Amino acid sequence: MNVHGKHYRTIWLDENNPRQLQIIDQRSLPHRFLIETLHSVDDVIGAIADMHVRGAGLIGTAGGFGVYLACLEAQRKSADLFIESVILDASRLAASRPTAVNLQWAVNRVLDSLKTFIGSPDDFIKTALDTAQAIADEDAEFCRRIGQHGKKLIEDISLKKNGQTVNVLTHCNAGWLAFVDFGTATAPIYAAFEQGIDIHVWVDETRPRNQGASLTAWELGQHGVPYTVVTDNAGGHLMQHGMVDMVITGTDRTTYTGDVANKIGTYLKALAAKDNDIPFYVALPSSTFDWTLRDGIREIPIEQRDGDEVRYIQGLHEGEIKTILLTPIDSRAANYAFDVTPARLISALITERGICSASAEGIFSLYPEKRR
Ligand code: MRU
């Protein structure tokens with residue numbers, strides 16, 4: 001995606017030093033566009049846990065590149081500690097955030113590519129890098145395809161409305177900042193916009209970290225897509241008054257039965273959409289399916305983050321990024337980062353292979369090789 005007219009991915013190998021990574025530090029957006037360099041596995045773990053990078057596809061890709069850095073670091077240790085050290089770092093990377101399954105998936109994919117490897121340590125490291133780079137390229141390409149499939153849903157609504165504005169509501173940020181490029185929920189929006197469809201996006205601010213207000217709003221703006229930020233509680237009202245034609249969200253983990261874990265508050269939007277007969281779509285690449293889980297509410301681990309993310313809020317004041325206290329100083333706060341939307345509330349899933357119902361039958365029809 002373009003930022004100030006220049007194409008960026010959200011993570012890349014430093015072209016001047018391929019032993020380090022570069023990322024867009026998302027904590028400063030939308031006010032500052034800062035590139036951060038990650039030198040070590042600990043840097044990658046910190047960047048994932050503290051959300052310099054966030055979003056399912058991006059933390060997965062960061063985890064994959066993290067295993068490559070782990071191999072570089074292991075090379076400095078004695079030969080008999082090499083594998084042990086890589087495996088230890090891989091498990092620390094995989095544990096740095098618990099809900100998005102893409103992280104464990106990507107870390108395991110790089111480890112698997114190394115399992116049967118026979119060759120020099122340099123070739124071993126190159127295999128880790130090639131696999132991490134393949135994960136990044138695949139993530140971008142799968143998101144592009146999600147855009148092409150999802151665009152048809154927007155096109156249909158536009159035709160039904162005789163070309164009048166299609167109003168899409170989205171929650172959190174499942175845009176290109178949450179992946180390597182294009183995004184999932186936003187990919188159909190960008191594709192429809194590029195085709196000249198009249199489209200407008202309601203952006204949920206998404207407390208506590210405000211990924212909607214700060215990130216989705218910023219990236220839609222960079223792309224020129226008309227949008228309006230609304231408070232998290234406004235969606236039901238908008239739906240009751242015919243101001244939302246469809247909802248598209250992303251997901252951090254989806255069971256093979258179609259239950260979806262996404263940013264906290266997604267479930268309430270799905271309930272409101274159901275009550276108002278508004279289609280509710282979830283867009284995801286296959287790396288977000290957890291093929292081992294059946295019951296999302298009981299089985300998907302929900303991250304609980306520091307209560308200070310609820311008690312404080314960050315914003316720009318007189319040119320400086322400031323953090324201020326919202327609650328009484330001694331207030332306790334609970335910070336559940338995700339919730340689960342049951343499959344029955346989801347109209348369809350938009351994947352890189354096409355659109356299917358949120359059900360085991362629908363999902364396995366697109367991914368027959370995963371059928372058990
Ligand atoms: O906590 P985050 O910002 O990493 O959460 C991820 C999200 O942005 C959302 O849940 C998103 O809709 C799915 S990730 C593509």
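The values are calculated or read from the model by the stated rules, or taken from the named source; none is laboratory data. Since the structure is predicted, the reported quantities are computational estimates derived from the model, not experimental observations. Glycine also receives a Cβ, built like all others from the backbone with ideal geometry; neighbour counts cover every protein chain displayed. Surface areas here come from the heavy atoms of the whole protein model, side chains and all, with no ligands, DNA or RNA. Shrake-Rupley method; radii C 1.70, N 1.55, O 1.52, S 1.80 Å.
How large a share of the accessible area of region 254-354, in percent, is made up of carbon and sulfur atoms when the probe is 1.4 Å and the other protein chains stay in place? Before the final figure, lay out the partial values.
Values: 2410 of 4980 Å².
Solvent-exposed carbon and sulfur of region 254-354 make up 48 percent of the total.
So, for region 149-370, what is the accessible surface per residue at a probe of 1.4 Å, expressed in square angstrom?
Values: 9250 Å² over 222 residues.
Normalised by residue count, the accessible surface of region 149-370 is 42 Å².
With 32 Å as the limit, write out which pairs from K151/K274; K6/K263; K6/K269 have Cα-Cα distances beyond it, or answer none.
On the way: K151/K274 22 Å; K6/K263 29 Å; K6/K269 35 Å.
Checking Cα-Cα distances, K6/K269 exceed 32 Å.
Which of the aspartates and glutamates could be linked to K160 by a straight reach, that is with a Cα gap under 17 Å, when you skip same-chain ones fewer than 8 residues away?
Within the straight-line cut-off, K160 pairs with D198, D245, D277.
Heavy-atom accessible area per residue, region 2-138, 1.4 Å probe: how many Å²?
Counting only protein heavy atoms, the per-residue value for region 2-138 is 44 Å².
With all protein chains present, how much of the accessible area of region 164-233 (probe radius 1.4 Å) comes from carbon and sulfur, to the nearest whole percent? Write out the running numbers ahead of the final one.
Details: 940 of 1950 Å².
On region 164-233, the fraction of accessible area on carbon and sulfur atoms equals 48 percent.
For an R0 of 45 angstrom, estimate the FRET efficiency from the Cβ-Cβ distance between R92 and L268 and round to the nearest 0.05.
Numbers: r = 34 Å, r/R0 = 0.76.
E(calc), rounded to 0.05, equals 0.85.
Calculate, in nm to one decimal, what K370 and K6 gain on full extension: separation in residues at 0.36 nm each, minus their alpha carbon distance. Spell out each step's value before the answer.
Details: separation 364, 0.36 × 364 = 131.04 nm, distance 3.90 nm.
Between K370 and K6, full extension yields an extra 127.1 nm.
Name the GluC sites (Glu not before Pro) in region 1-96 that are in a loop by DSSP and that have at most 14 other C-beta atoms within 10 Å, would you?
Values: sites: E15, E36, E73, E84; in loops: E15.
For GluC sites (Glu not before Pro) across region 1-96 that sit outside H, G, I, E and B with at most 14 neighbouring Cβ atoms in 10 Å, the list reads E15.
At a 1.4 Å probe radius, carbon and sulfur cover how many percent of the accessible area of region 40-108? Present the calculation step by step, with values, prior to reporting the outcome.
Numbers: 1300 of 2250 Å².
Carbon with sulfur: 58 percent of the solvent-accessible area.
Just going by the charge dipole of region 149-370, with Lys and Arg at +1 and Asp and Glu at -1 on Cβ, which of Q164, M243, I278 is farthest out on the positive end?
I278
Once you place label points 7 Å from the Cα toward the Cβ at A234 and R32, how far apart are they in nm?
In this crude label model, A234 to R32 measures out at 2.8 nm.
Just to check I understand the Karplus step: with θ = phi - 60° and J = 6.51 cos²θ - 1.76 cosθ + 1.60, what whole-Hz values come out for region 129-140, glycine and proline as x?
So the J values, rounded to whole Hz, are 5, 4, 5, 4, 5, 5, 4, 5, 5, 5, 4, 5.
Expressed in nm to one decimal, what extension gain is obtained for the pair D277 and R298 from 0.36 nm per residue of sequence separation less their Cα-Cα distance?
4.9 nm
Can you pull the one-decimal nm distance between simple spin-label points at Q148 and F82, each 7 Å off the Cα toward Cβ?
Simple spin-label model gives 4.1 nm for this pair.
Would you work out if region 79-136 is rounded, prolate or oblate? Take a ≥ b ≥ c from the square roots of the eigenvalues of the alpha-carbon gyration tensor; rounded if a/c is under 1.5, else prolate when a/b is larger than b/c, oblate otherwise. Please list the in-between numbers first.
Working: a/c = 2.72, a/b = 1.45, b/c = 1.87.
Verdict is oblate for region 79-136.
Could you state the angle between the C-alpha long axis of helix 82-94 and the longest principal axis of the C-alpha atoms of the chain, as a value from 0 to 90 degrees rounded to the nearest 10?
For helix 82-94, the angle is close to 20 degrees.
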